[in-house]
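The values are calculated or read from the model by the stated rules, or taken from the named source; none is laboratory data. Since this is a predicted model, take the numbers as computed values, not measurements. As a convention, Cβ positions derive from the backbone with ideal geometry for all residues, glycine included, and neighbour counts pool all protein chains shown. Quick note on the areas: whole protein, heavy atoms, side chains included, nothing else; ligands and nucleic acids left out. Shrake-Rupley method; radii C 1.70, N 1.55, O 1.52, S 1.80 Å.
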Amino acid sequence: MAEIVGGFVVPHNPVMYFNPKGASQEQSDTVYGAYAKMADRIKELKADTAIIIGCDHYILFGTECLPRYVISTGEIEGPVDQLPGIKRAPIASNAALGEHIAQHGFATGFDWTVGRALHVDHSVGIPHHLMVKPNGGMTTVAVMLACGVDPYLPIRRAWDLGENIAEAVAGFPGSDRVVVIGSGGISHHVGDERMGEVNPDFDRKILDIVIQGDKAGMLALTDEEILRDGGNGAMEIRTYACAMAATRAAGGTVVAYEPIPGWVTGMGFAELKVAA
């Protein structure tokens, strides 16, 4: 049977590509070093599939139709918002696992939107480029949650979805070794007058919740609190909730943290343990 062997939460900040000098050399080295450590850890885990949980930014679906959660069940291509150094290209897809997760969801009360030819943005493209692609031969399942723009998927639903993903992977008849990557956050403001503000206290609170496997703490966060203390970009921590739940909230370890106003984001990285 397939199994989830590891998990991570990471940022997916496109500003570090468009404005590399917005961070000091030391900060940049820390951030890229954290991604490299995670890529090495994925290799150590002998993972062959990554489930990357990202979000929509009105890049993919626009304002006319916003799915609550989407999973790739066929081809994947991206990032559609091409970044300096990351070209839009096909991403090797584990379509069979994506379809299995979707079907398991349909049978247990989770009405996935399926992407049979799914284009992804930087929320999937950046962690894929920096963590998965270095481990040649891996495949990907892309998941996108409605957490980049309103209306937001409730955090509790994101958590429940992660648990459902774990159940589905455990029932997949392959021998896949899967890592789950929650991609987003932490504190940042997108397109408003507070853009460039970073809140290290909020960021450390979220990282503490992650590494303690604190389900109650995560689900206690209100949208009002997140928007006030972390900004509209911090609503993406729904991807953290989903990844935590998929690894059964077994806690974890902070890999790195850098508050970088020049990159408009609190850049936090953690590895998740997987419950035995």
Against the condition within 15 Å of the chain's Cα centre (by Cα) and in contact (Cβ under 8 Å) with a residue 40 or more places away in the chain, how does Gly231 come out, does it pass? no
Residue count, segment 41-75, condition over 18 Å from Gly185 (Cα atoms), in contact with a helix residue (DSSP H, G or I) (Cβ under 8 Å, 6 or more places away or on another chain) and in contact (Cβ under 8 Å) with a residue 60 or more places away in the chain, comes to 6
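Return yes when Gly62 is of a type outside the set (Phe, Trp, Tyr) and part of a loop (DSSP other than H, G, I, E, B) and no when it is not.
Details: of a type outside the set (Phe, Trp, Tyr): yes; part of a loop (DSSP other than H, G, I, E, B): yes.
Considered against the rule, which asks whether it is of a type outside the set (Phe, Trp, Tyr) and part of a loop (DSSP other than H, G, I, E, B), Gly62 comes out as yes.
Quick test for you: out of Ala47, Ala102, Ala95, Ala34, pick the one residue that is open to solvent by less than 60 Å² (accessible area, probe 1.4 Å), within 29 Å of Pro261 (Cβ to Cβ) and aliphatic (A, V, I, L, M). I'd like the intermediate steps shown before the answer.
On the way: Ala47 fails: within 29 Å of Pro261 (Cβ to Cβ); Ala102 fails: within 29 Å of Pro261 (Cβ to Cβ); Ala95 fails: within 29 Å of Pro261 (Cβ to Cβ).
From the options Ala47, Ala102, Ala95, Ala34, the qualifying one is Ala34.
Looking at segment 50-77, which of the residues that are aromatic (Phe, Trp, Tyr) and open to solvent by 20 Å² or more (accessible area, probe 1.4 Å) is farthest from Ala95 (Cα to Cα)?
Once the filter is applied, the top-ranked residue is Tyr58.
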Within segment 144-164, is there a residue that is touching an Asp or Glu at 6+ places or on another chain (Cβ under 8 Å), of a type in the set (Lys, Arg) and farther than 29 Å from Ala36 by Cα? no
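For segment 246-265, which residues satisfy the criterion of being open to solvent by less than 20 Å² (accessible area, probe 1.4 Å) and of a type in the set (Gly, Ala, Ser)?
First, pick out the residues of segment 246-265 that are open to solvent by less than 20 Å² (accessible area, probe 1.4 Å): 246-247, 251-252, 256, 260, 263, 265.
Of everything in segment 246-265, those that are open to solvent by less than 20 Å² (accessible area, probe 1.4 Å) and of a type in the set (Gly, Ala, Ser) turn out to be Ala246, Gly251, Gly252, Ala256.
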The lone exception for Glu236 - which of (1) within 17 Å of Gly184 (Cα to Cα); (2) of a type in the set (Asp, Glu); (3) open to solvent by 40 Å² or more (accessible area, probe 1.4 Å) it fails: (3)
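Can you tell me which residue within segment 1-31, out of those that are β-branched (Val, Ile, Thr) and closer than 24 Å to Ile260 by Cα, is farthest from the chain's Cα centre (by Cα)?
First, pick out the residues of segment 1-31 that are β-branched (Val, Ile, Thr): 4-5, 9-10, 15, 30-31.
Subsequent filtering for residues that are closer than 24 Å to Ile260 by Cα retains 9-10, 15, 30-31.
Values: Val9: 6, Val10: 7, Val15: 17, Thr30: 19, Val31: 16 Å.
That would be Thr30.
Taking into account only those residues within segment 190-224 that are at pLDDT 95 or above and part of a loop (DSSP other than H, G, I, E, B), which is most open to solvent (accessible area, probe 1.4 Å)? Spell out how you get there, then give the answer.
Of segment 190-224, the ones at pLDDT 95 or above are 198-224.
Remaining after also requiring part of a loop (DSSP other than H, G, I, E, B): 198-199, 212-214, 221-222.
Details: Val198: 35, Asn199: 46, Gln212: 123, Gly213: 17, Asp214: 51, Leu221: 13, Thr222: 61 Å².
Across segment 190-224, the extreme among qualifying residues is Gln212.
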